[in-house]
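This report concerns only the one structure given below.
The values are calculated or read from the model by the stated rules, or taken from the named source; none is laboratory data. As the structure is a prediction and not an experimental result, all values here were calculated from the model. All Cβ positions, even for glycine, are placed from backbone atoms using ideal geometry, and neighbour counts span all protein chains on display. SASA here: full protein model, heavy atoms, side chains in, ligands and nucleic acids out. Shrake-Rupley method; radii C 1.70, N 1.55, O 1.52, S 1.80 Å.
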Amino acid sequence: MLEIKNLDVHFGVIHALKDISLTVEQGEIVTLIGANGAGKTTALRTISGLKKPTRGSIIFEGRDITSISPQDRVKMGICQVPEGRRVFSTMTVLENLELGAYLRKDKAQINKDLNMIYERFPILEKRKKQAAGTLSGGEQQMLAMGRALMSSPRMLFLDEPSMGLAPLFVKEIFDIIKSINQTGTTILLVEQNASMALQIANRAYVMETGSIVLTGTGNELMQSDEIRKAYLGG
Ligand code: ATP
């Protein structure tokens, strides 16, 4: 479904991504793990079109999307939930959700999707008239995910969805990610919580200082001594 080939990204003299290649098949959850600064966020931002690569190509469903705008990528069914949630804090929960659908024209289906999101995240329906900035961190993460789902994505990028959340919420967010995947959305997940990410991922890529250094199934990497020492606390 998604194929990244030999991607290089620079910020001035900083070589942030070095010859990155990866694939995501339809229906998979693929995770990118790695320490702070390894280049995970840059990889997602480049695939969603927010940062231009200096070399390489991005193929989505057989089409080269390396040079098309982020908006056109959203129209094709790619959507990113950015790190730190970034909900519009003075707007209501409902307004945030409606914004997620602003490129869509299929009104009837939009309403159905809104109801589906309220079923998945009942708290968002309860709080629909409340300013988004007044939600807890976990609720804001749910809102950011709900807003992304309102664009009806076929592929969802999640950047550190568990960041800053209490353990109980972390478990809930990962359960939700699994259920979103089970209803047909392919997922590319960036996480520092390698243990949780590897548990739900079909496959994973490990990044270090801008390069992919290891890849395998979630299970394989969880068993790997190297990964256990470096990312799973021994
Ligand atoms: P984190 O989990 O901390 O977000 P990460 O793995 O997502 O880490 P990136 O944020 O992608 O890492 O950063 C990769 C490298 O690119 C780092 O060296 C970082 O300092 C650099 N970098 C990222 N964004 C910029 C920017 N806007 N300008 C300059 N350098 C940047």
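So here's what we get for this one:
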quantity: Electrostatic dipole magnitude of the chain [Cβ: Lys, Arg +1; Asp, Glu -1; Cα centre; debye, to 20]; calculated: 660
quantity: Within a Gaussian network of the chain (alpha carbon springs, distance under 10 Å), most fluctuating of R120, R63, R85; calculated: R63
quantity: Percentage relative contact order, the stretch 117-234, counting C-alpha pairs under 8 Å, at least six apart; calculated: 18
quantity: Solvent-accessible heavy-atom area per residue, rounded to whole Å², over the stretch 139-234 at 1.4 Å; calculated: 41
quantity: Per-pair calculated FRET efficiency, R0 = 22 Å: M116 and K178 via Cβ, rounded to 0.05; calculated: 0.85
quantity: Relative contact order %, the chain, counting alpha carbon pairs below 8 Å whose residues are six or more apart; calculated: 28
quantity: Alpha carbon centroid spacing (whole Å) that separates the stretch 183-197 from the stretch 59-84; calculated: 18
quantity: Sulfur and carbon atoms: percent of accessible area, the stretch 191-234 [1.4 Å]; calculated: 44
quantity: Cα-based shape type of the stretch 130-200, given that a ≥ b ≥ c are square roots of the gyration tensor eigenvalues and the cut on a/c is 1.5; calculated: oblate
quantity: Test item: Cα-centred dipole of the stretch 11-144, Lys/Arg +1 and Asp/Glu -1 on Cβ, debye; calculated: 340
quantity: Choice from N202, N115, N193 showing the highest fluctuation, given a GNM over the chain with Cα pairs closer than 10 Å; calculated: N115
quantity: Accessible area of the stretch 1-121 belonging to carbon and sulfur atoms, whole % at 1.4 Å probe; calculated: 51
quantity: Among D72, D19, D106, residue whose mean-square fluctuation peaks in a GNM of the chain (springs only between Cα atoms under 10 Å); calculated: D106
quantity: Residues L50 and K128, FRET efficiency given R0 of 30 Å [Cβ-Cβ distance, rounded to 0.05]; calculated: 0.55
quantity: The chain pair-distance distribution - Cα-Cα, 10 Å bins, rounded %; calculated: 8, 33, 36, 19, 3, 0
quantity: For the stretch 1-160: lysine pairs under 13 Å (alpha-carbon distance), excluding those fewer than 8 apart on one chain; calculated: 4
